[in-house]
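See structure below.
The values are calculated or read from the model by the stated rules, or taken from the named source; none is laboratory data. None of these values were measured; they are calculated from a predicted model. Heads up, the Cβs are rebuilt from the backbone with ideal geometry, glycines too, and the neighbour counts pull from every protein chain shown. Note: areas computed on protein heavy atoms with side chains; ligands, DNA, RNA excluded. Shrake-Rupley method; radii C 1.70, N 1.55, O 1.52, S 1.80 Å.
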Amino acid sequence: MSSSTERVVRDVVFDTRPGFRPLSLDLHLPAADGAPVIVFVHGGGWRVGSRRMFCPTFAVEDGFPRLTAAGFAVASVDYRLSGEAVFPAPLDDVTAALTWVRARGADHGIDPARIVMWGESAGAHLAALAGLTDGPGVRGVVDWYGPSDLLAFPAPRADEERPTREEALIGGIVAERPEAARLASPALRVHAGAPPFHIAHGTADDAVPFAQSEELHAALVAAGVDAELLRVPGAGHMWRGLEDPDAVLSPALAFARRVVGA
């Protein structure tokens, strides 16, 4: 257990696929039953990372315990990494986790009709896609510095390791797989009726350009979707250089409370 008010149920298998490892989630539960649930998707460039991690630069107490203290349950989920299977496999896995939350969440005191997707970096990309494509119960999406348009992503540098993270995700060079890149781009899959979005991104991010979040926000607004963009001056990827985590946690939690009616 991470705190006196948080119950943690680890290693809950939510899906098994022949030929792959079982996919699991960790449940972080507040004291009260009937809580809305944050389905959290970890980052790591789609090729590394763990459901145990909230934000790599934050102290433990600023992670899942902060969310449960705010009255949310958290389901932090696995997905197949790019070395295991290419897109849409990771999105299929996040969708399977959502299906489990809807079917089994109530058994753990969770309200499956009040879901907020939340992810950071690659996890934000998958959370955004899940919110755009698997709507029932998803009341909103918190997108922390996620890639949104693979076709508009900067071309690989001459000294960059290949395949790039984006190439490994879709199984080839982006320019040679435009349809796969489009399907893997949240900004290109926005539609009227999508859930509300809270997008936050540091202006000094050298891994995912700030313009990626600007594009997603503009697409959402153009479609008439409730969307807000928090510009965080000077912050880098994974909130490097941010002095106070509350500067991004408080707005995200305020958004989450608003969309679930808490």
When the convex hull of the Cα atoms of segment 56-130 is projected onto a plane and the area is averaged over all directions, what value comes out in nm²? 5.6
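Quick check on the chain: helices-only [θ] at 222 nm, where DSSP H runs of length 4 and up contribute -39,500 (n - 2.57) each and the sum goes over total residues. Nearest 500, please. It would help to have the intermediate numbers written out before the result.
Numbers: 7 runs with 74 residues, N = 262.
The helix-only estimate for the chain comes to -8500 deg cm²/dmol at 222 nm.
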Can you tell me the order of 120-131, 198-209, 246-257 when each peptide is scored by its average per-residue count of other Cβ atoms within 10 angstrom, highest first? 120-131, 198-209, 246-257
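Taking 0.36 nm per residue of separation and subtracting the Cα-Cα distance, what length does fully extending Ala207 through Ala247 add?
Working: separation 40, 0.36 × 40 = 14.40 nm, distance 2.06 nm.
Length gained between Ala207 and Ala247: 12.3 nm.
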Run the dipole for segment 115-224 about the Cα centre, Lys and Arg Cβ at +1, Asp and Glu Cβ at -1, nothing else charged, and hand back the magnitude in debye, nearest 20. 380
Residue-ordered couplings for segment 176-182, obtained by feeding phi - 60° into the Karplus form 6.51 cos²θ - 1.76 cosθ + 1.60 and rounding to whole Hz (Gly and Pro as x), are 8, 10, x, 5, 4, 5, 5
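Taking Cα pairs under 8 Å and at least six residues apart, what relative contact order does segment 98-167 come out at, in percent? Mind showing how you got there, number by number?
Details: 78 pairs, mean separation 19.1, N = 70.
Rounded, it is 27 percent for segment 98-167.
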I'd like the Kirkwood hydrodynamic radius of the chain, using the inverse of the mean 1/r over distinct C-alpha pairs, in Å. 18.2
Kirkwood Rh for segment 1-125 from C-alpha pairs, in Å, is 14.4
In the chain, if the dipole is taken from +1 on Lys/Arg beta carbons and -1 on Asp/Glu beta carbons about the Cα centre, which of Phe40, Pro154, Ser121 is farthest to the positive end? Phe40
Give the calculated FRET efficiency between Ala31 and Ala223 to the nearest 0.05, with a Förster radius of 45 Å applied to their Cβ-Cβ distance. 0.70
Run the numbers for Leu151 and Arg52: contour at 0.36 nm per residue of separation, minus the present Cα-Cα distance, in nm. 32.6 nm
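Please tell me the relative contact order of the chain in percent, rounded to the nearest whole number, where contacts are Cα pairs under 8 Å and at least six residues apart.
On the way: 557 pairs, mean separation 44.5, N = 262.
Relative contact order comes out at 17 percent.
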Under a point-charge model restricted to the Cβ atoms of Lys and Arg (+1) and Asp and Glu (-1), what is the dipole moment magnitude of segment 1-66 relative to its Cα centre, in debye to the nearest 20? 320
Inter-probe distance in nm under a simple model that places probes 7 Å from Cα toward Cβ, at Ala59 and Arg182: 4.8
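With the contact rule set at Cα under 8 Å and sequence spacing of 6 or more, what percent relative contact order holds for segment 1-152?
Reported relative contact order: 25 percent.
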So, with a 1.4 angstrom probe, what is the percent of accessible area on the chain that is carbon and sulfur? 53
If you take every residue apart from Phe20 with its C-beta less than 10 Å away from the C-beta of Phe20, what net charge results, scoring Lys and Arg +1 and Asp and Glu -1? 0
How big, in percent, is the set of alpha carbon pairs in segment 125-262 lying more than 17 Å apart? 61
So what are the ³J(HN,Hα) numbers for segment 168-175, from phi and the Karplus equation (6.51, -1.76, 1.60; θ = phi - 60°), rounded to whole Hz, Gly and Pro as x? 5, 4, 9, x, x, 5, 4, 5
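Any number yet on Rg/Rh for segment 1-68, C-alpha, Kirkwood? Write out the running numbers ahead of the final one.
Working: Rg = 13.3 Å, Rh = 13.4 Å.
Here the Rg-to-Rh quotient is 0.99.
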Just to confirm, what accessible area per residue do you get for segment 1-109 at 1.4 Å probe, in whole Å²? 41
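Rounding to the nearest 20 debye, state how big the charge dipole of the chain is about its Cα centre with +1 on each Lys and Arg Cβ and -1 on each Asp and Glu Cβ. Could you put the intermediate results ahead of the total?
On the way: 23 positive and 33 negative charges, 111 e Å.
Dipole about the Cα centre, nearest 20: 540 debye.
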